[in-house]
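Accompanying notes for the structure given below.
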Amino acid sequence: MAGRIVLFGATGYTGGLTARALVARGAAPLLAGRSQSRVEALAAELGGLESAVADVTQPQTVRALVEAGDVLVSTVGPFVRWGEPAVRAAIDAGAHYIDSTGEPPFIRAIFERHDAAAQEAGVGLLTAFGYDYVPGNLAGALALREAGERAVSVDVGYFVSGDAQPSGGTRASAVGMLTESAYAFAGGRLVDARTARSVRSFDGRPAVSVGATEQFALPRVHPGLRDARVWLGWFGPASRPLQAISAATALATKLPGVRSAIGATAGRFVHGSTGGPDAAARAGTRSHIVAIASDARGRELATVRLEGDNPYDFTGAMLAWGATAAAGGAIGGQGALGPVDAFGLDALERGVGEAGITRRP
């Protein structure tokens, strides 16, 4: 018997896209959010779905959403600030967990702090299961498979084209990325590294280094991997200035009280769940992902390029695919999992294609 799907954060921007994508796949999720009137209105709009009120400031209300065998999908961010109650609720209940984060510190916490408890509970934790960072895991794993045993490094780049502006949640997360610690996978191990420490180009397009799930997940599917680098190309010509800002911020936040002051100031101007691009803007935006596997001398062995829907619709559709697959028993492991760990490479490629991003010839 398939478990229930519980969508927490359903009335936010990403949550609304995910709710609609779930219904489009034939699912009937329980919708949950802070505002009773808003979540009930959305539930009615989508055909009379079940709804519930829950708030991360009252963790017991989040725990009450889920039971053993359920799948809890959380779109409540910024996750570093608000994400913990949903993870703990899922593990405690014996429910699989999926989220939409792109925040390196939260991703790292899932893999390093929550993995053991999830394994003991017999559940899977799938963090960053949207545009951040499923397609790069797919492209990277495909490139590594095609490159074979000689491959020891992989570079994954994320780019968009079009005019869609970041959602409120994306802006809030981006601010947090500059003030929180991040990481890299270098020399066969995970090391601390700030966001935007490095810049490189893919086909002439600059991108900054970021911590993602690829640094945790790709070494599992390719044991000979020594370096896994992920690059975000959303900033275009601003990539170099962002690198300088990152360096300055890293120095400033070493001073007592500076990190919290930056966070408090940013919080007054950048809020989550404030909406995002409308349908027309999203329709004019495309996603582009490239992965390059190289040998020990830096020679490129295989390149994989993916292209498709805008990041926002893709994220909603990918979360919906993952949730329905998990509810149907398709997760192939326990603990903190990467996308390939969870579903296998071929099934993941089909799922990413269904969500709107496919491989370019």
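The values are calculated or read from the model by the stated rules, or taken from the named source; none is laboratory data. The structure displayed is predicted, hence computed values, not measured ones. FYI the Cβ positions are ideal-geometry reconstructions off the backbone, even for glycines, and counts take in every protein chain you see. Note: accessible area is taken over every heavy atom of the protein model, side chains too, but ligands, DNA and RNA are not part of it. Shrake-Rupley method; radii C 1.70, N 1.55, O 1.52, S 1.80 Å.
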Requested in this report: For the chain, find the longest principal axis of its Cα atoms and tell me its angle to the long axis of helix 134-147, 0 to 90°, nearest 10.
Outcome: 40
**Report entry** Length-normalised contact order for the chain - Cα pairs under 8 Å, 6+ apart - percent
**Finding:** 23
Query raised in the report: Mean separation of Cα pairs under 8 Å and 6+ residues apart, divided by the residue count of segment 274-333: what relative contact order is that in percent?
Result: 28
Query raised in the report: If you place +1 on the Cβ of every Lys and Arg and -1 on the Cβ of every Asp and Glu, how big does the dipole about the Cα centre of segment 270-361 come out, in debye to the nearest 20?
Result: 240
Query raised in the report: How much area per residue is accessible in the chain when the probe is 1.4 Å and only protein heavy atoms are counted (Å²)?
Result: 41
Report task. Return one number: the angle in degrees, 0 to 90 and rounded to the nearest 10, between the long axis of the Cα atoms of helix 345-355 and the longest principal axis of the Cα atoms of the chain. Result -> 60
Query raised in the report: Per residue of the chain, what 222 nm ellipticity follows from adding -39500 (n - 2.57) for every DSSP H run with n ≥ 4, rounded to the nearest 500?
Result: -12500 deg cm²/dmol
Query - Dipole of the chain, positive end: most advanced residue of A330, A291, G130 [Cβ charges, Cα centre] - result: A291
**Report entry** Debye intensity ratio I(q)/I(0), log10, segment 1-115, q values 0.14, 0.19 Å⁻¹ (C-alpha model)
**Finding:** -0.51, -0.95
Query raised in the report: Summing Lys, Arg as +1 and Asp, Glu as -1, what charge do residues with Cβ under 14 Å from the Cβ of R38 carry, R38 excluded?
Result: -2
Query raised in the report: What angle, in degrees between 0 and 90 and rounded to the nearest 10, separates the Cα long axis of helix 168-179 from the longest principal axis of the Cα atoms of the chain?
Result: 50
Report summary line: With all protein chains present, the chain has a carbon and sulfur share of its accessible area (1.4 Å probe) in percent of 51
Query raised in the report: Semi-axes, largest first, in whole Å: what does sqrt of 5 times each Cα gyration tensor eigenvalue give for segment 1-44?
Result: 17, 11, 9
Query - Alpha-carbon Rg with Dmax, taken over the chain, Å - result: 19.2, 59
Query raised in the report: Taking only the alpha carbons of segment 76-138, what extent do you get along each of the three principal axes, in Å, biggest first?
Result: 28, 27, 17
Requested in this report: Calculate the spin-label point distance for E50 paired with R63, positioning each point 7 Å from the Cα along the beta-carbon direction, and give it in nanometres.
Outcome: 2.0
Report summary line: If each K or R counts +1 and each D or E counts -1, the residues other than A347 whose Cβ falls under 12 Å of its Cβ total -3
